[in-house]
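Report on one structure; see the data block that follows.
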Amino acid sequence: MAFDLVFFGGTGDLVWRKLMPALFQAFRHGSLPEGGRIIGVGRENLSDAQYRQNIQAKFAKVEGEKRPSSEEFARFAALLCYVRMDLSRAEDYAALRNRLEERETDTVVMYLSTAPTLFTTICEQLAASSLNTARTRIVLEKPLGHDLASNRAINAVAGKAFKEQQIFRIDHYLGKPSVQNLFALRFGNALFEPLWRREHIAHIQITIAEELGVEKRGSFYDGTGALRDMVQNHALQLLCAIGMEPPINTHADAIRDEKLKVLRALKRWTPETLGQHVIRGQYAAGTVDSQAVPAYRDEPGVNPSSHTETCVALRTEIANWRWAGVPFYIRTGKRMAAREAYIEISFRPAPHEIFRAPAGQVNKLVIHLQPKDGLELHLLATGQSKRGPGAGAQALAPVHLDLDFDKRFGSERVGAYERLLLDVLDGRLNLFVRSDEQEEAWRWVEPILQHWATDPVGPRPYNAGTWGPSASSAMIARDGFCWREES
Ligand code: BG6
């Protein structure tokens, strides 16, 4: 299949760090369709050869097996070319069209990895230059807008230029093998389904913690914050995967319809729940991985009196028959104690205890998303066969089954961006977000943004290298539960 893949923002960080390495892996493993061209678009004046050299220089910094040999890079580089464009100039789109018309292709992918403020201009210009043909697909990187209105505006313009089936809205979490396994766990196995409901589940925690700070993205992040950067998209997608009803098949719309129902059923905020159930924090100086790190406000590009949140912890519910009354806790933050993403499902205790169970120990299913990818099933067993004090008493002790997907599937696994890029080329929309789904997620976070805009309290400080502000622990403790690391 001959394709042209055009990267708007072709000299940007995402292209260097994620997209090119992902394409290279696909190329190396023979999964990239033959006959492709990868066209970087940027403002700089570069020749094809210079663009290739720049990419080669970035690849040289890649460590270990993922770094291409010079022979491999030479073969990959043959796919790369560059077009200089000022994205507001119609003539430059004509130049791109000429480049695309140099040869026959089955598919043209326009991948927008620029600042989202340029998305509407690019979509309008593509349409004005007839670059929105039936064989064109458009990929929109997150964040898609900064609130509901701006998201709708982008979707409206994109929707005018392209049909919904041509629009691929990326949430790279959906491309992670661990997240696909979450769908497989739920819909490829019948074991948990009877238990997957309010009668058996006491509460669910979703944590996406990062050790990194804002790196070089201070000014972008300061206008964004953790709610828009992580909760509105990645965390809510995980919540949907956990909370949705089984789709009737694996077609994109069958899956997306079910996710949308979850988002629509999220409990609406009241002034009271907004105050009590949504905690925002901002990191102060601290120590991460034995290294002293500065406070958020001292990071380059950040306003020294910034009120931007670098951590969010919240409690919500899915108001439907399956989940009514079950708290879902979401927590995400930068400069936290560890890089760790997991979902913990805590089951209700046995209805009638005949053994002595250790306090607070219940059955749990922990779905590890990263860095570890696997499942832990926590059970209680009797340690009766042990000798020593207390032997003979019918006491229970915690034990767990541990499944390590990295060990099981190892190097056969495809990375998130590689998976998603291949899906775009294949026209598979399952792992992409539909406009109504995305708007619903914005609709749900909007009252939080509005509340914060006028809330004099501001984000609560937490020391870098910890699990966030103490108010986050207090919030969950009010329900009689605690975060995983506190149990
Ligand atoms: C991105 C956010 O979407 O996800 C970043 O913009 C964040 O701020 C990143 O660091 C986390 O992704 P991952 O795959 O490293 O968990």
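Which residues, taken from the range 321-349, are assigned to a strand (DSSP E or B) and away from the ligand (no atom under 16 Å from the Cβ)? I'd like the intermediate steps shown before the answer.
Going through the range 321-349, the residues assigned to a strand (DSSP E or B) turn out to be 328-333, 336, 340-347.
Matches in the range 321-349: Phe328, Tyr329, Glu344, Ile345, Ser346, Phe347.
Among the helices (runs of 4 or more DSSP H) lying completely within the range 110-195, list those that include at least 3 residues that are within 21 Å of the chain's Cα centre (by Cα) and within 16 Å of the ligand (Cβ to nearest atom).
Those helices (runs of 4 or more DSSP H) span 177-187.
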- [ ] May I ask you to list pairs of residues, at least six apart or on different chains, whose Cβ atoms are under 6 Å apart, with the first in the range 269-288 being farther than 13 Å from Thr310 by Cβ and the second being modelled with pLDDT of 95 or more and part of a helix (DSSP H, G or I)?
- [x] Trp269/Pro447; Leu274/His451; Val278/Ile448
Task: In the range 415-436, the residues that are surrounded by fewer than 20 Cβ atoms within 10 Å (Cβ to Cβ) and over 17 Å from Arg137 (Cα atoms) - done: Gly415, Asp436
Open item on the list: Given the criteria modelled with pLDDT of 95 or more, within 29 Å of the chain's Cα centre (by Cα) and part of a loop (DSSP other than H, G, I, E, B), does Leu32 qualify?
Closed with: yes
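For the range 300-315, give me the residue count where each residue is surrounded by fewer than 19 Cβ atoms within 10 Å (Cβ to Cβ) and away from the ligand (no atom under 16 Å from the Cβ).
Of all residues in the range 300-315, those surrounded by fewer than 19 Cβ atoms within 10 Å (Cβ to Cβ) come to 300-301, 303-305, 307.
Filter once more, keeping what is away from the ligand (no atom under 16 Å from the Cβ): 303-305, 307.
Going through the range 300-315 one residue at a time, the tally reaches 4.
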Open item on the list: Just the residues that are surrounded by 20 or more Cβ atoms within 10 Å (Cβ to Cβ) and of a type in the set (Lys, Arg), please, taken from the range 327-370.
Closed with: Arg331, Lys334, Arg335
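Can you name every residue in the range 201-216 that is in a loop (DSSP other than H, G, I, E, B) and out of contact with any helix residue (DSSP H, G or I) (no Cβ under 8 Å at 6 or more places or on another chain)?
Taking the range 201-216 first, the residues in a loop (DSSP other than H, G, I, E, B) are 210-216.
Within the range 201-216, Glu210, Glu211, Leu212, Glu215 meet the criteria.
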Open item on the list: Please determine whether any residue of the range 437-460 is surrounded by fewer than 19 Cβ atoms within 10 Å (Cβ to Cβ), in contact with a strand residue (DSSP E or B) (Cβ under 7 Å, 6 or more places away or on another chain) and over 30 Å from Ile167 (Cα atoms).
Closed with: yes
Open item on the list: So, in the range 218-244, exactly how many residues are within 11 Å of the ligand (Cβ to nearest atom), surrounded by 17 or more Cβ atoms within 10 Å (Cβ to Cβ) and either over 16 Å from the mean Cα position of the chain (by Cα) or of a type in the set (Ser, Thr, Tyr) (or both)?
Closed with: 2
Open item on the list: If a residue must be exposed (fewer than 14 other Cβ atoms within 10 Å of the Cβ) and either in a helix (DSSP H, G or I) or not charged (D, E, K, R) (or both), how many such residues does the range 63-78 contain?
Closed with: 9
- [ ] Give the residue, chosen from Ile39, Ile55, that is touching a Lys or Arg at 6+ places or on another chain (Cβ under 8 Å) and buried (at least 17 other Cβ atoms within 10 Å of the Cβ).
- [x] Ile39
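Considering only the range 11-29, how many residues are assigned to a loop (DSSP other than H, G, I, E, B) and either in contact with a His (Cβ under 6 Å, 6 or more places away or on another chain) or surrounded by 14 or more Cβ atoms within 10 Å (Cβ to Cβ) (or both)? I'd like the intermediate steps shown before the answer.
Residues of the range 11-29 that are assigned to a loop (DSSP other than H, G, I, E, B), as a first pass: 11-12, 29.
Next cut, either in contact with a His (Cβ under 6 Å, 6 or more places away or on another chain) or surrounded by 14 or more Cβ atoms within 10 Å (Cβ to Cβ) (or both) only: 11-12.
Of the residues in that region, 2 qualify.
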Open item on the list: Condition first: assigned to a loop (DSSP other than H, G, I, E, B), in contact with a Lys or Arg (Cβ under 9 Å, 6 or more places away or on another chain) and among the charged types (D, E, K, R). Now tell me which residues in the range 415-445 satisfy that.
Closed with: Arg434
TODO: Give the residues of the range 35-47 that are farther than 13 Å from Leu87 by Cβ, small (Gly, Ala, Ser) and part of a strand (DSSP E or B), sorted by residue number.
DONE: Gly36, Gly40
Task: Residue within the range 124-134 that is surrounded by 16 or more Cβ atoms within 10 Å (Cβ to Cβ) and touching a Pro at 6+ places or on another chain (Cβ under 8 Å) present - done: no
TODO: Output the qualifying pairs, or none if there are none: Cβ atoms under 9 angstrom, residues six or more apart or on different chains, first residue in the range 229-247 and within 20 Å of Gly188 (Cβ to Cβ) and assigned to a helix (DSSP H, G or I), second residue within 11 Å of the ligand (Cβ to nearest atom) and hydroxyl-bearing (Ser, Thr, Tyr).
DONE: Gln237/Tyr173; Leu238/Tyr173
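Filter the range 1-10 down to residues that are at pLDDT 95 or above and either in a loop (DSSP other than H, G, I, E, B) or not aliphatic (A, V, I, L, M) (or both) and give me whichever is farthest from Glu215 (Cα to Cα).
The initial filter retains those residues of the range 1-10 that are at pLDDT 95 or above, namely 3-10.
Checking the rest, the ones that are also either in a loop (DSSP other than H, G, I, E, B) or not aliphatic (A, V, I, L, M) (or both) come to 3-4, 7-10.
On the way: Phe3: 34, Asp4: 32, Phe7: 23, Phe8: 23, Gly9: 19, Gly10: 20 Å.
Top of the filtered list is Phe3.
The values are calculated or read from the model by the stated rules, or taken from the named source; none is laboratory data. None of the values given here were measured: they were computed from a predicted structure. Ideal geometry is used to build each Cβ from the backbone, glycine not excepted, and the neighbour counts take in all protein chains shown.
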